[in-house]
Amino acid sequence: MGIIISSIDYILNNAKANSLWPLTFATSCCGIEMMQTVASDNDIARFGSEVFRGSPRQADLLICAGTITHKMAPALLRLYNQMPEPKYVIAMGACTCGGGMFNETSYSVINGIDKIIPVDIYLPMCPPRPEALLDAIRKLQKNIKKESIKTRKQFVEAHNTRLTECEDILIEHKEGY
């Protein structure tokens, strides 16, 4: 039985890893670098990710690039929840990963999107070069090829309780305005 499951995992994981369909959530300067990744100099099409989706229901990779404020957090969480499983997240930029230069000086910036949604790959530069994003996609592909159906399910379940708590906090924050 284990041989059959591991063979199915191998086939499915290779298909998933080589056809990631990204959804963009670009809010500031990191978004320009993400757009540059699609240009001919970098050519993200080599990794099967050339078509950025406009709908979360068609995407399985969320590339969050830029500063996330408390007012944007509900929209980000809604987009993440609308994506079908399995879904993956790349946090692109210092502001996305930990608040960046606004970490201590701004009350409205969330210090890391991992407080809202689970993150698979962190890319903490200011701003990251397109080559760094391509490297992050390659690392994500390697991780996808190694994972099994059971481990991904455990990863998602471990974060579901945190997401429910986060939704409650965001609702309380919204009512405070």
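The numbers here are math on the coordinates, done by the rules we state, and not lab data. Note that the structure is a prediction, hence the values are computed from the model and not measured. So basically every Cβ, Gly included, is an ideal-geometry build from the backbone, and we count neighbours across all protein chains shown.
Rounded to the nearest 20 debye, the dipole size of the range 1-155 about its Cα centre is 500 debye, using +1 on the Cβ of Lys and Arg and -1 on the Cβ of Asp and Glu. Taking Lys and Arg as +1 and Asp and Glu as -1, the other residues whose beta-carbon sits under 14 Å from that of Val51 total -1. Summing Lys and Arg as +1 and Asp and Glu as -1 over all other residues whose Cβ lies under 14 Å from the Cβ of Ile68 gives a net charge of +2. Here r is the Cβ-Cβ distance between Gln58 and Thr105 and R0 is 41 Å; the resulting FRET efficiency, rounded to 0.05, is 0.65.
Under 5 Å between amide hydrogens, built in the peptide plane, is the criterion, and for Tyr88 it picks out Leu61, Leu62 among residues at least 5 positions away or on other chains. Close amide H contacts of Thr69 (hydrogens built in the peptide plane, cut-off under 5 Å, sequence separation of 5 or more or a different chain): Ile110. Using a cut-off of 21 Å between Cα atoms, the listed pairs Lys16/Lys115; Lys16/Lys71; Lys87/Lys142; Lys16/Lys87; Lys87/Lys115 include Lys16/Lys115; Lys16/Lys71 as exceeding that distance.
Mind putting a number on the dipole of the range 4-65 about its Cα centre? Charges go on the C-beta only, +1 for Lys and Arg and -1 for Asp and Glu, and I need it in Debye to the nearest 20.
Working: 4 positive and 6 negative charges, 43 e Å.
Here the size comes out at about 200 debye.
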